[in-house]
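Asks: First, the structure itself, so that you have it in front of you.
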Amino acid sequence: MTSFLAIFAGVLPSIYEKLDLQQHVDEIISQSGQYKNLENSFKQAANITALDSNPDALKTEFFSLMRRIEELRSRPLVIPEKHFQKGRREVKDGRYEPDVIFHPNTTPQTQA
């Protein structure tokens, strides 16, 4: 058993390096932060810019944010199927609740 673990410990770093996992982790962290920033920007546009009496300002802000999100989406990350399925189960089980509720013809409101 000890020899197996020693071999495994020796092979594992080379597998990690070959798969370039650190680059994937770094990209996931970077994109996660960018998505969170865009989420906050969309909230601000909905809650602040939408209140402006100039609808063109909201339209301009919205299209600017959409361009940024499309640029981010052009670099898709593929997560392992098991993690996707786990996240899907959590959403179906009701363990995920969005921060903002959108109702047609109303201003978005933050959940309490």
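Asks: Could you grab me the full set of residues in segment 58-86 that are at pLDDT 85 or above, hydrophobic (A, V, I, L, M, F, W, C) and surrounded by 11 or more Cβ atoms within 10 Å (Cβ to Cβ)?
Replies: Initially, segment 58-86 is screened for residues at pLDDT 85 or above, giving 59-74, 85-86.
Add one more test, that the residue is hydrophobic (A, V, I, L, M, F, W, C), and what stays is 62-63, 65-66, 69, 72.
Those that are at pLDDT 85 or above, hydrophobic (A, V, I, L, M, F, W, C) and surrounded by 11 or more Cβ atoms within 10 Å (Cβ to Cβ): PHE62, LEU65, MET66, ILE69, LEU72.
Asks: For segment 21-56, what are the residues that are loosely packed, with under 15 Cβ neighbours inside 10 Å and hydrophobic (A, V, I, L, M, F, W, C)?
Replies: Of everything in segment 21-56, those that are loosely packed, with under 15 Cβ neighbours inside 10 Å and hydrophobic (A, V, I, L, M, F, W, C) turn out to be LEU21, VAL25, ILE28, ILE29, ILE48, LEU51.
The values are calculated or read from the model by the stated rules, or taken from the named source; none is laboratory data. All values derive from a computational prediction rather than experimental measurement. Neighbour counts are summed over all protein chains in view; Cβ atoms, including those assigned to glycine, are modelled from backbone coordinates with ideal geometry.
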